[in-house]
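Following: one structure in structure tokens, then a few remarks.
The values are calculated or read from the model by the stated rules, or taken from the named source; none is laboratory data. Here the structure is a predicted model, which is why all the values come from computation and not from measurement. Using ideal geometry, Cβ is built from the backbone for each residue, glycine included, and neighbour counts are taken over all protein chains shown.
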Amino acid sequence: MSKTKAILFGAILLGIGTVLVQEHRARTELSHDSRSLKAELQELTREVAALREERSGPSASRVQSATTSAAGEDQAAELARLRSELNQLREKTVQLEASTAAMSNIIASARGANAPFVYADSIRRKDYAFSGYGAPHSALQSMFWALSQADPRTYQASVTSETAEMFAAALKDFPEGVMPGGYKNGALYQASGYRVLEETPISNDETRLKVFLEGRQNLVLKLVFKRVGDEWKLARTEF
């Protein structure tokens, strides 16, 4: 190995090591902040519930006592303050989820830059873009883009109504803009790129795309897209 190649190889290894260290550090910090916020959120929820119960309980002496009345006003102010803090913590939790998704995208892009692609003309994750639903290929990239951005609404718009209903059921308990964790663990989300290998028409309103997923797993999927009006939407996965 020449000196130049050795230096280049060492630089690549150093870059990979730096990305992994940054990934570990970022995930550790996000995990710690998320646990702290959830603990505070639970504590504040208990305090709010306790104050509500205390305020709703009957007490003749509090009605007749000016001192106790002032204490009740203080409790109302404290309750309002706790509600405000509770809302702020909820917002921070949503922001942490968004930050986690953004960090995952950065890490995936960094890894994708160093990992060799099986197909040189594969579309890389960093080049995903919303392409509309005018054709199966466009709908496919729009779906991939929605997943990479952890955008549940756009992903839901990329699938047929039957699949959208099942996704909406999984999404109902999550704050706006937060993707259910199961989707982040899926091969579509984790892929560093993709390439359409084949397109096979099934009927006038359905077509099958054979898609190769680049990345650590290197999977091949058969995704069936269905025409809904003037748009193409993901209908099902075939095995």
Test: Tyr119 is within 15 Å of Val196 (Cα to Cα), crowded, with 17+ Cβ neighbours inside 10 Å and either at pLDDT below 90 or of a type in the set (Phe, Trp, Tyr) (or both): no
Go through the range 213-233 and report how many residues are surrounded by 19 or more Cβ atoms within 10 Å (Cβ to Cβ) and in contact with a Leu (Cβ under 7 Å, 6 or more places away or on another chain). 3
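Counting residues that are free of Cβ contacts under 8 Å to residues at least 12 places away in the same chain and over 12 Å from Leu140 (Cα atoms), which strands (runs of 3 or more DSSP E) fully inside the range 193-239 reach at least 1? Explain how you work it out, then say what you get.
Numbers: elements: 193-201, 206-214, 219-228, 231-238.
Correct list: 193-201.
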One residue is enough: does the range 181-192 have a residue meeting the conditions modelled with pLDDT under 90, touching a Pro at 6+ places or on another chain (Cβ under 9 Å) and either in a helix (DSSP H, G or I) or of a type outside the set (A, V, I, L, M, F, W, C) (or both)? yes
Which numbered condition Gly229 misses (of (1) in contact with a strand residue (DSSP E or B) (Cβ under 9 Å, 6 or more places away or on another chain); (2) at positive phi; (3) modelled with pLDDT of 85 or more): (1)
